[in-house]
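Below is one structure, written out as structure tokens; the observations come after it.
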Amino acid sequence: MSRPRVLSGVQPTGALHLGNWLGAIRNWVDLQETHDTFVCVVDLHAITVPHDPSRLAEDTRSTAALYLACGIDPKRCSVFVQSQVAAHSELCWLLNCVTPLNWLERMIQFKEKAVKQGDNVSVGLLDYPVLMAADILLYDADLVPVGEDQKQHLELARDIAQQRINARFRGKDTPVLKVPKPLILKEGARVMSLTDGRSKMSKSDPNEGSRITLLDPPELITKKIKRAKTDPERGLEFGNPDRPETDNLLGLYAILSGKGRQQAATECAEMGWGQFKPLLAEATVSALEPIQARYRELMQDPTELDQVLRTGREKAETVANDTLERVRDALGFARPA
Ligand code: AQP
């Protein structure tokens with residue numbers, strides 16, 4: 001029996017951080033063992049907010065290199081760049097024409113990001129979830145790993161596939177599109193900002209001290225952890241709603257030290273911050289060291305990354321073009337002569 005297919009991606013909107021690794025990429029590395037995995041760098045999504053054209057290509061390659069450095073194995077997983085598979089943009093247009101505007105206007109992420117953009121909100125930002133639906137549906141994905149923040153977008157992709165395509169149009173092999181299911185991720189994957197335990201660690205936070213990027217050198221990691229927000233209490237614990245920073249830092253220590261939550265909680269139950277922070281810094285530096293070493297190797301010699309992205313694109317194109325043709329046929333387009 002064929003393995004269930006999974007599709008996921010990260011935007012090249014800046015340096016990847018611990019949240020992107022622990023909340024997303026680490027799970028893909030596990031999934032590639034048991035699933036047919038496609039992972040892409042979603043550069044078309046990255047331009048839905050103002051972006052710097054002089055950085056886009058470099059950030060795209062750097063993101064792909066980090067996937068590999070974190071353990072994505074191109075022999076088992078197709079790695080590609082979204083904008084290099086033209087079917088993403090084309091299916092997005094076809095889906096746009098059947099998606100009601102008010103479905104998009106009620107998306108929480110749109111409302112949150114739109115506030116930050118003021119008068120400058122692009123149509124692309126509103127359309128972000130339809131492009132995401134195209135990404136998923138093109139690959140006949142069975143499962144999509146989603147965190148809390150992306151659940152609503154996956155629901156939209158399911159509604160578009162089911163109600164707006166499959167219910168209205170007949171394919172040769174009905175239904176036209178596969179309706180994907182969410183893959184709920186394991187606990188402890190949400191990493192919070194170092195400067196505010198109630199907001200998530202994010203690439204676009206203007207305060208660089210709020211996140212540890214996967215490429216931060218050891219001294220910078222130590223400095224950021226030293227400055228991380230804490231509280232006046234002694235002893236670390238999980239699950240106290242009045243101590244979100246403690247919960248986050250202890251959670252990071254549990255994962256990065258490899259000790260797990262129970263052992264970490266016991267070890268740090270009586271600890272002061274002066275003792276804990278160097279421990280967390282050391283665990284973080286050690287966990288990132290092999291990733292950074294592999295990343296440097298990949299960036300020094302571009303041949304390997306080029307080859308991985310070429311092979312990934314070819315495999316992605318084969319699957320995506322097939323789905324696109326099914327949708328074009330179902331919608332009644334003339335076939336090229
Ligand atoms: N703090 C986080 N904790 C756990 N998972 C996270 N992810 C992001 N931040 C955290 C997961 O990373 C994947 C890809 O994210 P993305 O780049 O597509 O967009 P995002 O979720 O909006 O990530 P950022 O860092 O906050 O980027 P910006 O600032 O550019 O919007 C997703 O699977 C996400 O859950």
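The values are calculated or read from the model by the stated rules, or taken from the named source; none is laboratory data. Given the structure is predicted, the values throughout are model-derived calculations rather than measurements. Heads up, the Cβs are rebuilt from the backbone with ideal geometry, glycines too, and the neighbour counts pull from every protein chain shown.
Some points to look at:
- Test: LEU252 is within 23 Å of the chain's Cα centre (by Cα) and on the phi < 0 side of the Ramachandran plot: yes
- Test: residue in the range 180-196 that is away from the ligand (no atom under 15 Å from the Cβ) and either in contact (Cβ under 8 Å) with a residue 60 or more places away in the chain or surrounded by fewer than 16 Cβ atoms within 10 Å (Cβ to Cβ) (or both): yes
- Residues that are basic (Lys, Arg) and modelled with pLDDT of 95 or more, drawn from the range 1-17: ARG5
- Candidates are the residues of the range 1-40 that are within 13 Å of CYS70 (Cβ to Cβ) and in contact with a Gly (Cβ under 7 Å, 6 or more places away or on another chain); the one that is nearest to the ligand (Cβ to nearest atom) is GLY23.
- Scoring GLU155 on the criteria (1) acidic (Asp, Glu); (2) surrounded by fewer than 18 Cβ atoms within 10 Å (Cβ to Cβ); (3) in contact with a Ser or Thr (Cβ under 9 Å, 6 or more places away or on another chain) leaves a single failure, condition (3).
- Looking across the range 101-160 at every residue that is basic (Lys, Arg), more than 18 Å from SER204 (Cβ to Cβ) and part of a helix (DSSP H, G or I), the one that is farthest from the ligand (Cβ to nearest atom) is identified as ARG158.
- All helices (runs of 4 or more DSSP H) inside the range 219-337 with 3 or more residues being farther than 30 Å from PHE80 by Cβ: 244-256, 260-268, 273-300
- Restricting the first member to the range 135-156 and to residues that are closer than 23 Å to THR323 by Cα, and the second to residues that are near the ligand (Cβ under 8 Å from one of its atoms), the beta-carbon pairs closer than 6 Å and six or more apart or on different chains are PRO145/SER8; LEU154/VAL146.
- Looking only at the range 250-286, residues that are surrounded by fewer than 16 Cβ atoms within 10 Å (Cβ to Cβ) and of a type in the set (Val, Ile, Thr) come to 1 in all.
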